[in-house]
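**Student:** Just passing along the structure, written as structure tokens.
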Amino acid sequence: MRNAVLAAIGDELLSGARLEKNANFMAQHLLNKSIDLLRIEVIPDTDEAIHDLLSRWVGKTDLLIMSGGLGPTHDDRTRHAIASYLGCGLREEASMYERVLDRVRNDPRRFAYTERVRDPQAMIPVSAQAVFNPAGFALGIRFERKGTTVIALPGVPMEYQAMTRQELPEIFAPDEKHCWASVIILNIPEMTIAERIPEVISNSALHVSILPAFPQVELIIRGEPKAVAEAERLTRSRFRDDVLPQGCGSLAEAVLYEARFRGARISCAESCTGGLIGAALTEIAGSSDVFNGSAVTYSNEAKNNILGVKAATLEEHGAVSEECAREMAEGALRIYDADFAVSVTGIAGPDGGSETKPVGTVCFGFASDRGTITITRRLPGNREEIRIRTVRFALSELWRMIHNG
């Protein structure tokens, strides 16, 4: 298999009502196998759009994976559109659907529902094969034409992932010929990074992607395992003080790794992020061995009562100030008996800004037994983007503080 196309079907995806996740999942595994992803498409729930997709890609790609449109409602058109494309009708795949029913026979409510949606969820085109669904109710569809394998699966991510693993085991199996590595570098512009590793960027045996996402840049290096390993080693050596530890795929993982390595405990005090920093850390299993807690102190009263921020500090400098961030971080260090603490207080918008403190102003505090440092940043974007950038910057500087001891 040399190339593939991924397609997601659903009006809710085009409208933004739902976030498409299946293509992202599958693209990563195709990348692992060095299978060229020719296109990712999102199309509406119409017979015409699905028929057009098939007409354009069958015979031009080795693999076409479609997700969505296999549910039981009137707007789920995938099975009908595929049957029309193949010039055939639909048939019931009774024996395979019985296997689906077997999973829920001991649950009367779920069994009754699954039996009720047998038509259409057990129906597949006469000229195609059925794909068993080990995690849901709708059967998938598989057929081959003009050298292209077409697989249509439900859009529910849990079902999509289980069924792709079942139908394409070779894509998920370890590969001794191709691999990829991720290197995450902090606070260095992507052009500077490229200029400092010219032998990696220009190596024709490698495919290097540079993915900036403030305050980090991630390099994805693909190729033959030996070449990838050497490129990763060289890159890490050039950015020794600014690169996350090997195996850490996120800032939160890196913070937890460094804290474990040094036997340290960490804590947070959050205002404008509302607990997002603590959530990022606790999303990772096992974080409780180094993470003591996060105080979400949104109001001035909470900052004063919980963290001990002085009323005079709030009155003189305001909640969005380095003075407040300092006392918040020191309060979190104290009340959680931690070794390192980070605090954030800012204006995420859309309202609340002023001429001296516009929307996007965020103050950070980083405290340890060696003292406290404070930083102010003006972060761009809407409310959601400012909060995300705040979390990333807080974690990046917390990692650097722990890393440097």
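**Student:** For ALA264, state whether it is touching a helix residue (DSSP H, G or I) at 6+ places or on another chain (Cβ under 8 Å), within 15 Å of ALA394 (Cα to Cα) and touching a residue at least 40 places away in the same chain (Cβ under 8 Å).
**Tutor:** Here the answer is no, as ALA264 does not meet what is asked.
**Student:** What are the residues in the stretch 377-392 that are touching a helix residue (DSSP H, G or I) at 6+ places or on another chain (Cβ under 9 Å) and among the hydrophobic types (A, V, I, L, M, F, W, C), if any?
**Tutor:** Correct list: LEU379, ILE388, VAL391.
**Student:** Taking the stated definitions as given, is SER67 more than 21 Å from ALA4 (Cα to Cα) and either at pLDDT 95 or above or assigned by TED's automatic domain parsing to the domain that holds THR164 (or both)?
**Tutor:** no
**Student:** Can you name the residue in the stretch 114-131 that is in a loop (DSSP other than H, G, I, E, B) and in contact with a Cys (Cβ under 6 Å, 6 or more places away or on another chain) and, of all such residues, is surrounded by the fewest Cβ atoms within 10 Å (Cβ to Cβ)?
**Tutor:** Checked the stretch 114-131; the qualifying residue surrounded by the fewest Cβ atoms within 10 Å (Cβ to Cβ) is VAL126.
**Student:** Of the residues ALA302, ALA231, ALA285, ALA264, which single one is assigned by TED's automatic domain parsing to the domain that holds GLU384 and either closer than 21 Å to SER321 by Cβ or crowded, with 18+ Cβ neighbours inside 10 Å (or both)?
**Tutor:** Going through ALA302, ALA231, ALA285, ALA264 in turn, just one is assigned by TED's automatic domain parsing to the domain that holds GLU384 and either closer than 21 Å to SER321 by Cβ or crowded, with 18+ Cβ neighbours inside 10 Å (or both): ALA302.
**Student:** Same structure again: Please return the ranges of strands (runs of 3 or more DSSP E) entirely within the stretch 173-269 where 3 or more residues are under 30 Å from ALA367 (Cβ atoms).
**Tutor:** Hits in the stretch 173-269: 179-186, 216-223.
**Student:** Restricting attention to the stretch 358-371, does a residue exist that is outside any helix (DSSP H, G or I) and of a type in the set (Lys, Arg)?
**Tutor:** Checked the stretch 358-371: at least one residue is outside any helix (DSSP H, G or I) and of a type in the set (Lys, Arg).
**Student:** Pairs needed: first member in the stretch 205-220, touching a residue at least 12 places away in the same chain (Cβ under 8 Å); second member anywhere, crowded, with 18+ Cβ neighbours inside 10 Å and small (Gly, Ala, Ser); C-beta distance under 7 Å; at least 6 residues apart or different chains.
**Tutor:** Here the result reads ALA205/GLY223; LEU206/GLY223; LEU206/ALA231; HIS207/GLY223; PRO215/SER396; GLN216/SER396, each pair linking the stretch 205-220 to a residue that is crowded, with 18+ Cβ neighbours inside 10 Å and small (Gly, Ala, Ser).
**Student:** How many residues are free of Cβ contacts under 8 Å to residues at least 24 places away in the same chain and either within 28 Å of the chain's Cα centre (by Cα) or surrounded by 23 or more Cβ atoms within 10 Å (Cβ to Cβ) (or both) if we restrict to the stretch 361-378?
**Tutor:** 2
**Student:** Does LEU19 satisfy the condition of being assigned by TED's automatic domain parsing to the domain that holds ALA130 and surrounded by 14 or more Cβ atoms within 10 Å (Cβ to Cβ)?
**Tutor:** No.
**Student:** Here is a further query. For the stretch 155-172, which positions are out of contact with any strand residue (DSSP E or B) (no Cβ under 8 Å at 6 or more places or on another chain) and part of a helix (DSSP H, G or I)?
**Tutor:** Matches in the stretch 155-172: PRO157, MET158, GLN161, ALA162, ARG165, PRO169, GLU170, ILE171, PHE172.
**Student:** Looking at (1) more than 26 Å from GLY249 (Cβ to Cβ); (2) without any contact (Cβ under 8 Å) to a residue 60 or more places away in the chain; (3) not aromatic (Phe, Trp, Tyr), which is the only condition ALA329 fails?
**Tutor:** (2)
**Student:** Of the residues ASP351, ASP339, which single one is crowded, with 17+ Cβ neighbours inside 10 Å, among the acidic types (Asp, Glu) and either at pLDDT 95 or above or in the same structural domain as ALA259 (by TED's automatic domain parsing) (or both)?
**Tutor:** ASP339
**Student:** For the stretch 132-176: of the residues being of a type in the set (Phe, Trp, Tyr) and surrounded by fewer than 21 Cβ atoms within 10 Å (Cβ to Cβ), which is nearest to GLY59 (Cα to Cα)?
**Tutor:** Out of the qualifying residues, it is PHE143.
**Student:** One residue is enough: does the stretch 322-345 have a residue meeting the conditions part of a loop (DSSP other than H, G, I, E, B) and basic (Lys, Arg)?
**Tutor:** No, the stretch 322-345 has no match at all.
**Student:** Turning to a different aspect of this structure: Quick one: which of GLU323, GLU397 is among the charged types (D, E, K, R) and farther than 24 Å from VAL255 by Cα?
**Tutor:** The unique qualifying residue is GLU323.
**Student:** Scan the stretch 56-64 and give yes if some residue there is among the polar types (S, T, N, Q) and over 28 Å from LEU206 (Cβ atoms), otherwise no.
**Tutor:** no
**Student:** Let me ask something else about it. Please determine, by comparing only the residues of the stretch 168-186 that are in contact with a Lys or Arg (Cβ under 7 Å, 6 or more places away or on another chain) and of a type outside the set (A, V, I, L, M, F, W, C), which one is nearest to VAL100 (Cα to Cα).
**Tutor:** Applying the filter and picking the extreme gives ASP175.
The values are calculated or read from the model by the stated rules, or taken from the named source; none is laboratory data. These numbers come from a predicted model, not from an experiment. In this analysis, Cβ positions are derived from the backbone assuming ideal geometry, glycine residues included, and neighbour counts consider all displayed protein chains.
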